[in-house]
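Just below is one structure, and these are the notes that go with it.
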Amino acid sequence: MEVRRRTQAERNAATRGALVAAARPLFAERGFAAVGTPEIARAAGVTRGALYHQFADKTALFAAVAEAVEAGVTQQIIDDVATAAPRDPAAALHVAVDAWFGACENPEARRVLLLDAPVVLGWDGFRDLALQYGLGLTEQLLQAAIDAGQLIALPVRPFAHVLVGALQEAALVITDDPGARADTARVVHAIVDGLRTA
């Protein structure tokens with residue numbers, strides 16, 4: 001039986017995946033600055049040349065890791081909302097807010113997304129990453145609550161941008177002071193409830 005050889009594209013994808021998988025726990029445990037590309041290449045079982053063939057530099061690799069972590073956080077929020085089976089769309093918003101704060105306490109998300117990403121990717125890169133994953137979900141949750149007549153019918157896109165911005169800032173507050181989670185969550189919930197129709 002003839003064994004099919006992988007295409008170059010498949011080999012590239014496998015190498016890229018191995019590098020992201022190897023770098024992710026290293027960045028999460030020690031942070032971007034403390035991890036070098038030789039260590040990442042060794043952990044991935046590839047050469048440094050292969051690393052630089054896939055990523056222009058360590059920052060580009062970090063961006064791929066941050067995107068993977070952000071995607072995982074977004075999926076976790078979706079799963080938490082589905083598992084909670086909230087009674088209505090407004091309750092789903094509250095579940096999503098709490099799921100976001102829970103994600104912020106995860107050491108990987110805390111280190112990669114909240115501590116390193118704003119510095120390594122710059123504010124614009126950090127914001128773009130959050131919007132790429134969180135904006136669509138936030139829009140869906142807000143639209144459902146508006147359609148149900150539970151929230152004031154504000155324009156959804158700017159509404160979602162403002163809420164995502166508030167959630168990002170709240171996450172940074174919790175990163176600086178983990179003991180502030182309960183108070184910070186209460187403030188965000190109050191903002192959401194303040195926009196209810198009744």
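The values are calculated or read from the model by the stated rules, or taken from the named source; none is laboratory data. All figures in this text were calculated on a predicted structure; none of them were measured in a lab. FYI the Cβ positions are ideal-geometry reconstructions off the backbone, even for glycines, and counts take in every protein chain you see. Heads up: the accessible areas ignore ligands, DNA and RNA and are worked out on the full protein's heavy atoms, side chains in. Shrake-Rupley method; radii C 1.70, N 1.55, O 1.52, S 1.80 Å.
Here are a few things to note about the model shown:
- Taking other residues whose beta carbon is less than 14 angstrom from the beta carbon of ALA109, and scoring Lys, Arg as +1 and Asp, Glu as -1, yields -3.
- The chain - accessible surface per residue (Å², probe 1.4 Å): 52 Å²
- At most 13 other Cβ within 10 Å, DSSP loop - GluC sites (Glu not before Pro), the range 104-198: GLU105
- Dipole axis of the range 30-123 (+1 Lys, Arg; -1 Asp, Glu on Cβ), positive-most option in HIS53, VAL112, ALA84: HIS53
- Taking every alpha-carbon pair within the chain, the share separated by more than 26 Å comes to 41 percent.
- Kirkwood radius for the range 83-198, taken over all pairs of different Cα atoms as the inverse mean of 1/r, rounds to 14.6 Å.
- Per-residue [θ]222 nm for the chain (sum of -39500 (n - 2.57) over DSSP H runs n ≥ 4, rounded to 500): -23000 deg cm²/dmol
- Positive-end extreme of charge dipole, the chain - chosen from ALA22, PHE126, ALA63 (charges on Cβ): ALA22
- Accessible surface ranking that places the most exposed of TRP100, TRP123 first, with a 1.4 angstrom probe: TRP123, TRP100
- Computed in the context of the full set of protein chains, the accessible area of the chain at 1.4 Å probe radius has 57% of its extent on carbon or sulfur.
- Cα gyration tensor shape of the range 126-165, rounded if a/c is under 1.5, else prolate or oblate by comparing a/b with b/c: prolate
- The chain: DSSP helices with Cα axial extent of at least 24 Å and average Kyte-Doolittle hydropathy no lower than -0.5: 8-30, 58-84, 156-176
- Rounded to the nearest 20, the size of the Cβ-charge dipole of the range 1-136 about its Cα centre is 680 debye, with Lys and Arg at +1 and Asp and Glu at -1.
- Anisotropy class of the range 13-106 from Cα gyration tensor, a/c 1.5 cut: prolate
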